[in-house]
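Trainee: Got a structure for you, written out below as structure tokens; questions coming shortly.
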């Protein structure tokens, strides 16, 4: 029994390491793409920044979390495939093999969620499946050669609907009314409709998806149980503050999408993506790290107020980057990006310190 458990933990640690490797390389690639003239592992690395961050890091991490939850041997092939595909992107293997492996990983994640839905037939599980399908659709379009700017809304839907579904699950403690749940479904529908329309009418679809993001952010700010947990203290308060601050960034990013939805590059495009992926997604990761890491790695997590350091610094450094994007102030963009990366490294360090056997 001891050997079996140790082997299982080693497998999880290796897959977690693959996700974190994708994160680190994606950050390096992003800084090169931002304008820092640093050496790249290979010439195509800067263009792999988005796929590595979304599929290599988030896809592998979320797939691993779901595989642990389902606890079936085959389910671990989902994070294994996405991690392997990301590794091929890192080393610069051109062609369709890397995207294909990542797409296959997203197919398996959908199957994992279908199995979970059969066990728990609930609305929130359906919403999480919708987020997983967003990842799959984005990966399929990427595999077919669509440019990243045209499919990135689908990739945004992956963490967005995953978080929204998980927060809806906790809404059962508040006994949300049917009207409130219908409003939630409508918000999700607006976002998905915008992502679909963006495939044909790019600018209009992105703006409609932005409306969905703003509406979901407002719903979460008002109805999420996090707003009731501010006074709880300790880890519960940290999680609540992280979540609520992330919803504010989601609303901001959605507003940027509404105003500048037709862009495919440049500072304002950078503004839209990173207020969502850094401001929203990473604060969600900060909030859930005390829960996810112990569950995946089978280690105790010891809460400390030092966790506020990476949360506060993320908001501060992201504001610097936002100012650089809005004012077309190049030093603000460049140094904001570097500081964003350092804050994520601080988060990883704080998390490792908090993990105990």
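Trainee: If the requirement is being surrounded by fewer than 23 Cβ atoms within 10 Å (Cβ to Cβ), at pLDDT 95 or above and under 17 Å from residue 126 (Cα atoms), which of these qualifies: 214, 190?
Mentor: None of the others qualify; the one that does is 190.
Trainee: For region 105-129, enumerate the residues that are crowded, with 20+ Cβ neighbours inside 10 Å and more than 24 Å from residue 181 (Cβ to Cβ).
Mentor: 105, 106, 108, 109, 112 - these are the residues of region 105-129 that are crowded, with 20+ Cβ neighbours inside 10 Å and more than 24 Å from residue 181 (Cβ to Cβ).
Trainee: From the set of residues in region 257-270 that are surrounded by fewer than 24 Cβ atoms within 10 Å (Cβ to Cβ) and part of a helix (DSSP H, G or I), which is nearest to the chain's Cα centre (by Cα)?
Mentor: Among them, the one singled out is 270.
Trainee: Give 133, 140, 161 a once-over and let me know the one that is farther than 16 Å from residue 103 by Cα and modelled with pLDDT of 95 or more.
Mentor: Only one candidate qualifies: 161.
Trainee: Right, here's the next one. How many residues are farther than 24 Å from residue 154 by Cβ and outside any helix (DSSP H, G or I) when one looks only at region 31-74?
Mentor: So the answer is 11.
Trainee: Output the number of residues of region 208-256 satisfying the condition of being assigned to a helix (DSSP H, G or I) and under 20 Å from residue 158 (Cβ atoms).
Mentor: Counting residues in region 208-256 that are assigned to a helix (DSSP H, G or I) and under 20 Å from residue 158 (Cβ atoms) gives 23.
Trainee: Determine whether region 313-325 contains at least one residue that is closer than 30 Å to residue 9 by Cβ, in contact (Cβ under 8 Å) with a residue 60 or more places away in the chain and assigned to a helix (DSSP H, G or I).
Mentor: The answer is no, given that none of the residues of region 313-325 is closer than 30 Å to residue 9 by Cβ, in contact (Cβ under 8 Å) with a residue 60 or more places away in the chain and assigned to a helix (DSSP H, G or I).
The values are calculated or read from the model by the stated rules, or taken from the named source; none is laboratory data. Since this is a predicted model, take the numbers as computed values, not measurements. So basically every Cβ, Gly included, is an ideal-geometry build from the backbone, and we count neighbours across all protein chains shown.
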